[in-house]
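Peer 1: Quick one: the structure is below, questions incoming.
Rule-based calculations on the coordinates, nothing more; no lab input. Treat the numbers as computed from the prediction; the structure is a model and nothing was measured. Neighbour counts run over all protein chains shown; Cβ positions are idealised from the backbone, glycine included.
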């Protein structure tokens with residue numbers, strides 16, 4: 001599926017030859033896939049992928065996450081509309097939604113006489129989002145190792161109330177993101193997207209305030225042009241506009257919703 005060599009993948013990511021590296025598998029070859037064949041994923045494989053996710057690290061073994069598979073065509077159509085009408089949600093073989101989940105632990109604690117009041121602290125919301133993210137990425141790595149393609153769907157956060165109603169979520173459960181899984185449609189047109197230089201994101205001893213992203217802006221401009229996007233709008237411009245507070249797509253009320261449903265109260 002993703003057949004670039006390590007050297008080629010490094011060049012696509014960082015615009016340079018790689019250092020002397022041991023074999024690392026295909027971890028640098030990742031890209032989002034948005035077109036899939038209609039071939040199903042065997043249920044045994046899906047069970048294995050979920051098991052891989054559950055094998056990820058989880059803080060204090062609290063396991064503050066859950067996932068729900070949406071499979072029926074009717075419900076897949078509805079969840080696609082809740083996720084900004086993205087076609088890959090309809091076309092993937094499996095669509096998983098990941099949740100920060102305090103409900104399960106709160107219920108378990110109540111059964112043994114514990115109030116679990118600490119779950120209202122911001123720390124435990126942070127912990128739940130980390131748990132869910134680690135589990136999902138472990139699933140992604142396992143999926144890509146067997147030739148599957150993936151696409152994360154952040155638009156699951158666009159309409160928390162709609163998602164709550166769709167899944168009949170109890171208090172203490174919040175939809176974080178979706179994940180499309182499937183066999184990529186050939187020929188695969190998705191390209192490896194360039195990233196900031198490693199030295200721009202990983203520092204030694206102290207935070208660096210003098211990171212220069214101009215080199216990356218140049219590489220991203222070329223990438224945008226190759227994807228038939230506006231190459232005169234570089235990464236700094238495009239990313240700055242994305243966080244200008246006018247492109248929240250319904251997520252600007254998230255804090256109030258979370259606090260009303262048991263999160264981030266302290």
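Peer 1: State the Cα centre-to-centre distance between segment 206-234 and segment 129-177 in whole Å.
Peer 2: 29 Å
Peer 1: Another question, if that's okay. If packing is taken as the average count of other Cβ atoms within 10 Å, what order do 55-62, 205-212 fall into, highest mean first?
Peer 2: Descending packing order for the listed peptides: 55-62, 205-212.
Peer 1: Right, something else. Would you order 30, 246 from fewest to most other beta-carbon atoms within 10 Å of each residue's own beta-carbon?
Peer 2: 246, 30
Peer 1: Measure nothing but the geometry: give the 0 to 90° angle between the long axis through the Cα atoms of 214-226 and the longest principal axis through the Cα atoms of the chain, rounded to 10°.
Peer 2: For helix 214-226, the angle is close to 90 degrees.
Peer 1: Using the count of nearby Cβ atoms within 10 Å as a rough guide to exposure, how do 247, 261 rank from fewest to most?
Peer 2: Details: 247 10, 261 20.
Listing 247, 261 from fewest to most nearby Cβ atoms yields 247, 261.
Peer 1: For 65, 257, 10, what ranking results if the residue with the fewest other Cβ atoms within 10 Å of its Cβ goes first?
Peer 2: 257, 10, 65
Peer 1: Sum -39500 (n - 2.57) across every DSSP H segment of at least 4 residues in the chain, then divide by the residue count to get the 222 nm mean residue ellipticity, nearest 500. Mind showing how you got there, number by number?
Peer 2: On the way: 11 runs with 109 residues, N = 266.
One gets -12000 deg cm²/dmol as the mean residue ellipticity at 222 nm.
Peer 1: Is any residue of segment 107-129 close enough, with backbone N under 12 Å, to a label point placed 7 angstrom from the Cα of residue 62 along the Cα-Cβ axis, and if so, which?
Peer 2: 116-129
Peer 1: Specify whether the C-alpha gyration tensor of segment 32-190 places it in the rounded, prolate or oblate class, a ≥ b ≥ c being the square roots of the eigenvalues: rounded for a/c under 1.5, otherwise prolate if a/b is larger than b/c and oblate if not. Numbers along the way, then the final one.
Peer 2: Details: a/c = 2.31, a/b = 1.63, b/c = 1.42.
It is prolate, given that a/c is not under 1.5 and a/b is the larger ratio.
Peer 1: Sticking with this one: Can you give the angle from 0 to 90° between the axis of helix 73-82 and the longest principal axis of the chain, with both taken from C-alpha atoms, to the nearest 10?
Peer 2: For helix 73-82, the angle is close to 80 degrees.
Peer 1: Relative contact order of the chain: what whole-number percent is it, with Cα pairs under 8 angstrom and at least 6 residues apart? Each step should come with its number before you reach the end.
Peer 2: Details: 386 pairs, mean separation 66.0, N = 266.
The normalised contact order for the chain reaches 25 percent.
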